[in-house]
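Structure record follows, encoded as structure tokens.
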6 protein chains.
Amino acid sequence: MKPEDFNQTREAQNELVLKQANLGIKRFFNLDEAAYQDGALPRKTKELLGLVSSAVLRCDDCIRYHLGRCFEEGVSTEELGEALNIALIVGGSIVIPHFRRAMVYWQDLQDGAQKPSK
Amino acid sequence: MKPEDFNQTREAQNELVLKQANLGIKRFFNLDEAAYQDGALPRKTKELLGLVSSAVLRCDDCIRYHLGRCFEEGVSTEELGEALNIALIVGGSIVIPHFRRAMVYWQDLQDGAQKPSK
Amino acid sequence: MKPEDFNQTREAQNELVLKQANLGIKRFFNLDEAAYQDGALPRKTKELLGLVSSAVLRCDDCIRYHLGRCFEEGVSTEELGEALNIALIVGGSIVIPHFRRAMVYWQDLQDGAQKPSK
Amino acid sequence: MKPEDFNQTREAQNELVLKQANLGIKRFFNLDEAAYQDGALPRKTKELLGLVSSAVLRCDDCIRYHLGRCFEEGVSTEELGEALNIALIVGGSIVIPHFRRAMVYWQDLQDGAQKPSK
Amino acid sequence: MKPEDFNQTREAQNELVLKQANLGIKRFFNLDEAAYQDGALPRKTKELLGLVSSAVLRCDDCIRYHLGRCFEEGVSTEELGEALNIALIVGGSIVIPHFRRAMVYWQDLQDGAQKPSK
Amino acid sequence: MKPEDFNQTREAQNELVLKQANLGIKRFFNLDEAAYQDGALPRKTKELLGLVSSAVLRCDDCIRYHLGRCFEEGVSTEELGEALNIALIVGGSIVIPHFRRAMVYWQDLQDGAQKPSK
């Protein structure tokens, strides 16, 4: 799945979902967003924490979201590789299919950034 | 995935699978079905238990199946929201992508029920 | 672990923890509590949802907490058995050790209620 | 936890639990036992399957139970090591604490077999 | 997903991934492969261990990979059924959707082997 | 469990385990250690990644180990709180009992550092 498609589907679903959501769910979504703001730890570190958590719990959509955010925060491919190495070691070979898809998505993010804006 | 497509694929696969299954597997399928029958707890509560378990364990197909059954048992959108709120709190943000797909599927179930039968 | 010991340890740890916790963590604890209040679904059903989620995710402390709450809400042993049957079917035999400890704890809750108050 | 203590606690709890269990739960316990009987695959292979499943799902009691059964089926320490190596690779370093306890328990099983019977 | 498509995608992604991977990741891939070589336990048993681990951890791609390897090692449909029965019992009904897809894939592997080579 | 007791038990078990371990297991232990060395990401960040992974996967021993390492790397209580907030949000309330034990252990680490050396 390409970054544009992922982001578009995610936003459309979020809109549909939050229109119907009860107060508890809305507050949970807010807490989720607040957890990754700058604080004692910088956003970049927090996005890596979100990414590695998502990887060991093996959720492709969560991985894609945090890869997008890591890319925006300027994480390098070398830093990403070291973070995902930890995810593979902690979570085991069951993480490998998600790791493969993550690296393809990361490549897409890099390719997208090199395209001239229309 | 639309409810009709999900149900059709599920039934076709079940047929193929149970043709080859050994006795242990067939009995397990029977126990699975029996667990949701009316008893001291009504079926509606049991389907909510099945739904929330499926959500925290993050299995889209299991969520879809129990959403379909909850819909048949007359679960309201407000009741569903409170049950899924518990799933989000217990299971965390890693459940969110499944929650999003669940709400889209629930919308499809409602839309399908409003269509005039041909 | 006996209900009194569990409750005492849990409260002592919660106190220590919330003294140091940041705002995000405190809000998460509040959301957690709010999710089980009466609403479209009664508290009793919500506690059963919390219990079965905790069982399939195999967290003994969470199971104990929700067993205590189910007991307070008047869940019968027969209702509990049907809920935990669903947890066993959904979560598999890996849940059995937790199921065993849950039933011992439930027995302790019942025994405790029959003791004359000092 | 020593093998004798584990076995004794497990049997005492099973007795308490099955006295109160509904039909669904009793049948599930029976299916669980039946799954490991000799068939197209020998019991020894099936116990290794149960052990490795328990290890990647990280359930100490399940690991202990299957270690005891593997020992009875004559699994060698070398075979055990290769099976648990697969569990470590598939499940990752999060399995290591369970692996450590498993090896201590296996040592206890071996020591117990060498003691002269009283 | 058909076996040919799965294998092709997997190999293409592996190539992309290992070109960029750091030493730790490459070594982990090597350890993963080494764990299934003949030893005290034969490869066939090890592939069944990999399959059942993948099933209880519910990773479709891992299941497909080990089904392909089991097929190459001459695992019979009856042996496969007994192994997957253990996976269902240990892992519960949450494994069923993966079990269904596994049996469809196994059918495809068998059908593919009966086709005359072009 | 106090830090001294945890470290002592862990080391004693590691010694017993690695004496019997096959080459694959030994190499896996080495890869595990190598993954947390300084590189493009500093050790401190890597230990936080290990900690949060361990928290969402809910392994008390792994959490204790990484808490000890975080303490050695100079992680502040505020930084720890933000990292564990992410673990709670990603992993949900099922993480809370582990979070409570983590904070007690962290307190023990701090108390231990303030004791005059004998």
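Does any residue of segment A:27-45 turn out to be in a helix (DSSP H, G or I) and over 17 Å from the mean Cα position of the chain (by Cα)?
Within segment A:27-45, one or more residues are in a helix (DSSP H, G or I) and over 17 Å from the mean Cα position of the chain (by Cα).
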Name the pairs: first residue in segment F:57-75 and over 23 Å from B:Leu57 (Cα atoms), second residue modelled with pLDDT of 95 or more and polar (S, T, N, Q), Cβ to Cβ under 6 Å, at least 6 apart or on different chains? F:His66/F:Ser54
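Among the residues of segment A:76-84, is there at least one that is within 22 Å of F:Leu88 (Cα to Cα), within 14 Å of chain D (Cβ to nearest Cβ) and in a helix (DSSP H, G or I)? I'd like the intermediate steps shown before the answer.
First pass over segment A:76-84, keeping only residues within 22 Å of F:Leu88 (Cα to Cα): A:83-84.
If we keep only those that are within 14 Å of chain D (Cβ to nearest Cβ) as well, we get A:84.
Among the residues that remain, those that are also in a helix (DSSP H, G or I) are: A:84.
Within segment A:76-84 (the criterion being within 22 Å of F:Leu88 (Cα to Cα), within 14 Å of chain D (Cβ to nearest Cβ) and in a helix (DSSP H, G or I)), the answer is yes, since at least one residue qualifies.
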Mind checking which residues of segment D:89-118 are within 14 Å of chain A (Cβ to nearest Cβ), over 16 Å from the mean Cα position of the chain (by Cα) and either under 14 Å from D:Leu51 (Cα atoms) or in contact (Cβ under 8 Å) with a residue 12 or more places away in the chain (or both)? D:Val90, D:Gly91, D:Ile94
What residue, among those in segment F:31-56 that are touching a residue at least 12 places away in the same chain (Cβ under 8 Å) and within 13 Å of F:Leu80 (Cα to Cα), is surrounded by the fewest Cβ atoms within 10 Å (Cβ to Cβ)? F:Lys44
Among residues belonging to segment C:1-26 that are at pLDDT 95 or above and not in a helix (DSSP H, G or I), point out the one that is surrounded by the fewest Cβ atoms within 10 Å (Cβ to Cβ). C:Lys2
Residue count, segment C:43-60, condition within 7 Å of chain B (Cβ to nearest Cβ) and among the hydrophobic types (A, V, I, L, M, F, W, C), comes to 5
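The values are calculated or read from the model by the stated rules, or taken from the named source; none is laboratory data. This one's a predicted model, so the numbers in the text were calculated from it and none came from an experiment. Virtual Cβ from ideal backbone geometry, glycine too; neighbours counted across all protein chains shown.
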